[in-house]
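A quick write-up on the structure given underneath.
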Amino acid sequence: MDGIKADGPQAKGTVPDGTVTGDDGLGRPPWAANDPLLREYYDTEWGLPVRDEQGLYERISLEGFQAGLSWATILRKRPAFREAFHNFEPDVVAAYTEADIGRLLQNPGIVRNRLKIRAAITNAQATIALREQGGLVGFVWQFKPQATPAPATHADIPTQTPESVALSTALRKQGFSFVGPTTMFALMEAIGMVDTHLVHSHRRGSSGIWQAQA
């Protein structure tokens, strides 16, 4: 889930399925139990539907930058990413030049990886091209599965699924990069296409999509 690992000793208040009961009495997975930034992200954003082009393009971009890193790192850098990439407006990023790449490589607030920066630009161009086929949002959401996992423990959560493999393959055919099957499953979790909240989490079913299968 967004590259977040449930590492370290079992936290205080952890119940058998791995859910941690916070000081507010609410259950969360270990990765969202302690760090205030991750906790807020989990409580207010992770797993909620994203159905606008700009928001979805931003999520794809940040998931690509996260590859090999922790999601906490990306989340802390997100304000700087948004400033550096003109709030991830596809039409603006798609027009970036070599000078813009040079500018971004000098920005200490973001992940300064040339390949990932180029991917963000080419993915913006691919996002614009998809408008002729109905747009990025419809293209991605067509891969929503018929059912969602109902993980009793963290170990029950897959790292990829047939749908994330298919989404990865389809996006690559449209010119996207840094959209591997594991990265795309993390995207699907983050935007509510699947609900991998543990069954005892207070956020289970919060997307408004999967309550019937919670």
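The values are calculated or read from the model by the stated rules, or taken from the named source; none is laboratory data. Please read all numbers here as calculations on a predicted model, not as lab measurements. Quick reminder, even Gly has a Cβ in these numbers, built from the backbone with ideal geometry, and neighbours come from all protein chains shown.
Can you find a residue in the range 72-85 that is under 18 Å from Glu53 (Cα atoms), at pLDDT 95 or above and among the hydroxyl-bearing types (Ser, Thr, Tyr)? No, because not a single residue in the range 72-85 is under 18 Å from Glu53 (Cα atoms), at pLDDT 95 or above and among the hydroxyl-bearing types (Ser, Thr, Tyr). Of the residues making up the range 59-73, those that are touching a residue at least 40 places away in the same chain (Cβ under 8 Å) and part of a helix (DSSP H, G or I) are Arg59, Ile60, Ser61, Glu63, Gly64, Phe65, Gln66, Trp71, Ala72. When restricted to residues that are in a helix (DSSP H, G or I) and surrounded by fewer than 16 Cβ atoms within 10 Å (Cβ to Cβ), the range 129-149 contains 5. Taken together, Ala152, Ala126 contain a single residue that is in a helix (DSSP H, G or I) and either modelled with pLDDT of 95 or more or surrounded by fewer than 20 Cβ atoms within 10 Å (Cβ to Cβ) (or both), which is Ala126.
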